1. How long is the stretch 41-94 along each principal axis, judged by its Cα atoms, biggest number first, in Å?
2. Tally up the carbon and sulfur contribution to the accessible surface of the stretch 69-117 as a whole percent, 1.4 Å probe, everything protein left in place.
3. Once amide H atoms are placed 1.01 Å from N in the peptide plane, what residues at a sequence separation of 5 or more from Ser4, or on another chain, have their amide H within under 5 Å of its amide H?
4. How many nm separate the modelled label positions at Ala115 and Thr45, each set 7 Å beyond the Cα in the direction of the Cβ?
5. How far apart, in nm, are the 7 Å Cα→Cβ label points at Leu102 and Glu89?
6. What are the ³J(HN,Hα) couplings of the stretch 163-179, residue after residue, when phi is run through the Karplus curve with 6.51, -1.76, 1.60 and θ = phi - 60°? Round to Hz, x for glycine and proline.
7. Residues with amide H under 5 Å of Ala17's amide H, sequence separation 5 or more or different chain, H placed in the peptide plane at 1.01 Å from N; which?
8. Rounded to the nearest 5, what is the percent of antiparallel bridges among the DSSP beta bridges in the chain?
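The values are calculated or read from the model by the stated rules, or taken from the named source; none is laboratory data. This one's a predicted model, so the numbers in the text were calculated from it and none came from an experiment. Methodologically, a virtual Cβ is constructed for each residue, glycine included, from the backbone with ideal geometry; neighbour enumeration extends over all protein chains shown. The accessibility values were calculated without ligands, DNA or RNA, using every heavy atom of the protein model including side chains. Shrake-Rupley method; radii C 1.70, N 1.55, O 1.52, S 1.80 Å.
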Amino acid sequence: MTTSAPRYLYLTRHGEATPDETGLTETGRRQAALLGERLREAPLTAVHHGPLARAAETARLVGERLAGVPVRVAEAAGDYVPYQPSRDELPADSADAMLGFLERFPAEERARGAALAAEAAARFTGPVEGDEPVHELVVTHNFLVGWLVRAALDAPGWRWMGLNHANAGLTVIRYAPDRPPALLLYNDTGHLPAPLRWTGLPTQDHI
């Protein structure tokens, strides 16, 4: 009989990126280093990251502070639109704004997002086989964090929109056998000093 154990999925958005998104700013590098310090005692077995430079650099800086934890690239952890809602799914008073936002992204990019989101869910979520819990970190982007949090809460597909995540904030979801997913942390920036918190978010989201 196959046994299963809990999975603890640690999610973070990359550190603050340079304007051309070819890497991290000095603030972004500090954010990544401080996140690594926070996670030093966590029982992580792997760090996965998207293929873009800002995620790769964040993962490298975090990984430098985690002794012996492998750092691996995963396309499914990349930056893409995970789900395109129809107008009928959206609240009437915000449908125009939300659909207009999505139209800013190339059609090809939007078309491939659903398959990547399904791959991310298959690879990173749900209980794991065996007797031992698994703890893994995924260094990704705002959209995928929102998508996986939405899924954990069993919210409608469109609800990933509006779930914004700070650079190097920490979200943790537990997937235990025979239980619904539990959102243990969301967008926690307690490891960052005040000047480094909330980058990447609209001013109205700074609290």
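1. Its Cα atoms span 50, 23, 15 Å along the three principal axes.
2. Carbon-and-sulfur percentage of accessible area, whole number: 50.
3. Gly130
4. 2.9
5. Result for the modelled spin labels: 0.6 nm.
6. 8, 8, 10, 6, 4, 6, x, 10, 10, 10, 10, 9, 10, 9, x, 6, 9
7. The answer is Thr25.
8. Of the beta bridges lying entirely in the chain, close to 45 percent run antiparallel.
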